[in-house]
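Written below as structure tokens is the structure these notes are about.
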Amino acid sequence: MIGSYVLITDHSRGELERTNVPVAKRQLLTKGSVIIEDNVWIGEHACIMPGVTIGEGSIIGANAVVTHDVPPYSVAVGVPAKVVKQL
């Protein structure tokens, strides 16, 4: 189940650098696939960043920013998301 206004992305516009190139014209880079396994719940306004795997049966809290893998049957919340409970 996925809540409203969730962002799931597998790319970025490069590292922050001091150049005169506008962000929109920087090369689009991939940092790896996003894998969301079965029976995962993702709360409203959550952001799932590139290269992340969310394990089976996990719950991602509302407004969380997931930057690292979440093990199966875990609850992850916060910015950046941290596992607070194992189910």
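Here is a yes/no grid of residues against (1) among the aromatic types (Phe, Trp, Tyr); (2) under 9 Å from the mean Cα position of the chain (by Cα); (3) surrounded by 16 or more Cβ atoms within 10 Å (Cβ to Cβ); (4) part of a loop (DSSP other than H, G, I, E, B):
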site	(1), (2), (3), (4)
Tyr5	yes, no, no, yes
Val21	no, no, no, yes
Glu44	no, no, no, yes
His68	no, yes, no, yes
Pro72	no, no, yes, yes
Val79	no, no, no, yes
Val84	no, no, no, no
### Query
Where residues in the range 33-42 are of a type in the set (Val, Ile, Thr) and not in a loop (DSSP other than H, G, I, E, B), which of them is surrounded by the fewest Cβ atoms within 10 Å (Cβ to Cβ)?
Ile35
### Number of the exception - Pro50 against (1) over 22 Å from Leu87 (Cβ atoms); (2) open to solvent by 30 Å² or more (accessible area, probe 1.4 Å); (3) assigned to a loop (DSSP other than H, G, I, E, B)
(2)
### Task
Output yes when any residue across the range 55-62 is within 16 Å of Ile8 (Cα to Cα) and among the acidic types (Asp, Glu), and no when none is.
no
### Task
Take the range 56-66 and flag every residue that is assigned to a loop (DSSP other than H, G, I, E, B) and within 13 Å of Ile36 (Cα to Cα).
Glu56, Gly57, Ser58
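Scan the range 24-32 and give yes if some residue there is within 14 Å of the chain's Cα centre (by Cα) and not small (Gly, Ala, Ser), otherwise no. Don't jump to the end; show me each part of the working.
Taking the range 24-32 as the starting set, the residues that turn out to be within 14 Å of the chain's Cα centre (by Cα) are 30-32.
From what's left, not small (Gly, Ala, Ser): 30-31.
So far as the range 24-32 goes, yes, one or more of its residues are within 14 Å of the chain's Cα centre (by Cα) and not small (Gly, Ala, Ser).
The values are calculated or read from the model by the stated rules, or taken from the named source; none is laboratory data. These numbers were taken from a predicted model, which means no experiment stands behind them. Every residue, glycine as well, gets a Cβ built from its backbone with ideal geometry; the counts of neighbours run over all protein chains shown. Calculation scope for accessible area: heavy atoms of the full protein, side chains included, ligands and nucleic acids excluded. Shrake-Rupley method; radii C 1.70, N 1.55, O 1.52, S 1.80 Å.
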